[in-house]
Amino acid sequence: MSVLILAALLSSVTCSSADISASAWGRQHCVSGYCVTLNEGEVTVEAGLCVVIPCSYRTGDGFTPKHIAWYKCEVSEPRCGNPIMIFHTNNSIKVQSGFKARVSFLEPDLSQNNCSIFINKLKQSDSGSYHLRVTGELNGKPDGFSFSPRVTVYVKGFKLKPTVMIPTLTEGQQATLTCTAPDLCSGSVPEITWTWRGAGGTESYITGNSTDYKTENLTDATQSPVSTLTFNPSAKHHNTNVTCKISFTGETITEETSTLNVNYLKEVKIRGVTRVKEHESLNLTCSVESFPLSLIRWSRLSSDTNLKSDSRSATFIILNATTKHAGQYVCTAQYMNNTLKEKVTVRVMWLSNIQNGSGCVLQSQVLTCVCIIEGFPLPTIQWLPLKNNTEYSVITAVSNDTVNSTVSLNVEKHGNITLECVSNNGNEEAKEKFTIHNNSKKYEQPLDLSKGYLKVIVAFLIGTLLTAVVCFLAKKYYRKKQKSSGNLHETLEMDRRQDDPQVYDGSLLEENQTLILNSGPKEVEYADTNLSL
């Protein structure tokens, strides 16, 4: 601001005196040995700020200066016929009330010949032409001299705004914001406040640290008040507004609002149902909240094929999901120099029909039924109805996605039987009925009189004869033994070797079938005996 004022003061000069010379203060105007150096140009300043009018003077021989006074005239009065006193070094002399305490003398020692003043807290009514008058004694008599050169000041509406400096903000790293007010004159330190407006629109005040910087040059009595705000930025501060407000007087307020951009990165999130029914749509969305935006890419595990790419979020869609689409998928988020990954497992639910190989086998009144089905999740198998049958067993075997259920039950006392295999995997249901016609006559061996009746009679007679002979010999041997030893408690024992072909081996009848019964009597088994030998 001081540079602007001095530049304006040193810009254009109009001269009316006979003796004009240039200096650091402006141009010198002399009349009869009385000289004043100031800028006659126009100075434009905004309301609420201040203006500095640099000035130096020199009086004629025999004149001793006692006081200095400044007057203001309307710009429309070329000769300043009705001046208003705005300043006097003699405090007992009344000045215009609107300027009292707002106009200061930079150098109280008149011997320094410095007549510079500054006007603080300017109002638009302060616009006008300002000129200097020196009073004192000439050869011991009161006298005074008014200098005709004038400085014109224009005060316009306040438009200057503070300057807000925002460094690069990163979540978790402490940062400092700086607000610099427009250049002001000494004695006009403003009030600086910070306000922050969050996403919800609520405004809150924040306390900052203020520091004032002042210059040492008396002709440039300006300062730049600075306020700093130190805080820890986070994602909640991103895209919110911070305002630095400057209050110069009760009427003059200026502010500057800036938007905060905070670099931050949140975790990768995957939304959507990862378990779908076969032939339904699979819809997965991967997103990550970050600034700057991240590049998101979908791919299948162990494959570099790019399925879908986008910024902020990416949606991966399969309209007709089948078992080939099941597996692991990877969402990769590329954020600046960081790479984040999140995996998800897709499962497709399905259930087959009852598979080939399912069915029932009836052997010796033992019914064995097998039900085979495939699916994911692994299905369960129930056999219906079995509540009226107490002699049955169920064996279930699982291999990969296949379930094999085997039921065995005794059907000797039952007629036609219908068993139903019901399978369910929580998603679908499959069922199939197996009906068995249990006709007991079908499994009896009928007699054939024309072919085998004679052989049966002969075999029966030979068997009866052999049995009688064996019994006779055994009885005779037993009595003989009893007479010789006199032991009445000895029991005849017969050992049968395991390899004896006479011993019945049930495993030979059903080599490849195992029956496990929960309860009930064991089945009576019959064997044909060949007595021809």
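May I ask you to verify whether Lys121 is in a loop (DSSP other than H, G, I, E, B), in contact with a Lys or Arg (Cβ under 6 Å, 6 or more places away or on another chain) and more than 19 Å from Asn90 (Cβ to Cβ)?
Here the answer is yes, as Lys121 does meet what is asked.
Tally the residues that are touching a helix residue (DSSP H, G or I) at 6+ places or on another chain (Cβ under 8 Å) and among the hydrophobic types (A, V, I, L, M, F, W, C), restricting the search to segment 352-388.
The number of residues fulfilling the criteria is 1.
Please specify each residue of segment 89-110 satisfying the condition of being without any contact (Cβ under 8 Å) to a residue 24 or more places away in the chain and over 27 Å from Arg58 (Cβ atoms).
Those that are without any contact (Cβ under 8 Å) to a residue 24 or more places away in the chain and over 27 Å from Arg58 (Cβ atoms): Lys94, Ser97, Lys100, Ala101, Arg102.
Every residue in segment 242-285 that is more than 30 Å from Leu351 (Cα to Cα), over 20 Å from the mean Cα position of the chain (by Cα) and loosely packed, with under 14 Cβ neighbours inside 10 Å, please.
Gly250, Glu251, Thr257, Thr259
Might you check whether a residue that is closer than 28 Å to Cys50 by Cβ, modelled with pLDDT of 75 or more and in a strand (DSSP E or B) occurs anywhere in segment 203-210?
no
Quick one: count up the residues across segment 323-380 that are in a loop (DSSP other than H, G, I, E, B), polar (S, T, N, Q) and under 26 Å from Ile417 (Cα atoms).
The total comes to 7.
Any idea which of Val36, Val95 is in a loop (DSSP other than H, G, I, E, B), at pLDDT 90 or above, among the aliphatic types (A, V, I, L, M) and assigned by TED's automatic domain parsing to the domain that holds Pro149?
Val95
Just checking, which of Glu342, Glu391 is farther than 30 Å from Gly272 by Cβ and acidic (Asp, Glu)?
On inspection, the qualifying residue turns out to be Glu391.
What tally of residues in segment 39-58 results from selecting those that are of a type in the set (Ser, Thr, Tyr) and either under 19 Å from Pro78 (Cα atoms) or at pLDDT below 90 (or both)?
Result for segment 39-58: 1.
Just give me the residues in segment 402-419 being assigned to a strand (DSSP E or B) and surrounded by fewer than 16 Cβ atoms within 10 Å (Cβ to Cβ), in sequence order.
Thr402, Thr418
Which numbered condition trips up Thr345, out of (1) in contact with a strand residue (DSSP E or B) (Cβ under 9 Å, 6 or more places away or on another chain); (2) at positive phi; (3) of a type in the set (S, T, N, Q)?
If we test Thr345 against (1) in contact with a strand residue (DSSP E or B) (Cβ under 9 Å, 6 or more places away or on another chain); (2) at positive phi; (3) of a type in the set (S, T, N, Q), just (2) comes out false.
For segment 46-62, which residues satisfy the criterion of being assigned to a loop (DSSP other than H, G, I, E, B) and buried (at least 23 other Cβ atoms within 10 Å of the Cβ)?
Within segment 46-62, Gly48, Leu49, Cys50, Pro54, Cys55 qualify.
Against the conditions (1) surrounded by 16 or more Cβ atoms within 10 Å (Cβ to Cβ); (2) modelled with pLDDT of 90 or more, where does Ser224 fall short? Just the number, please.
Unmet for Ser224, out of (1) surrounded by 16 or more Cβ atoms within 10 Å (Cβ to Cβ); (2) modelled with pLDDT of 90 or more: (2).
The values are calculated or read from the model by the stated rules, or taken from the named source; none is laboratory data. All of these numbers come straight from a predicted model, not from anything done at the bench. Counting neighbours? That spans all protein chains shown, and the Cβs are built from the backbone with ideal geometry, glycine included.
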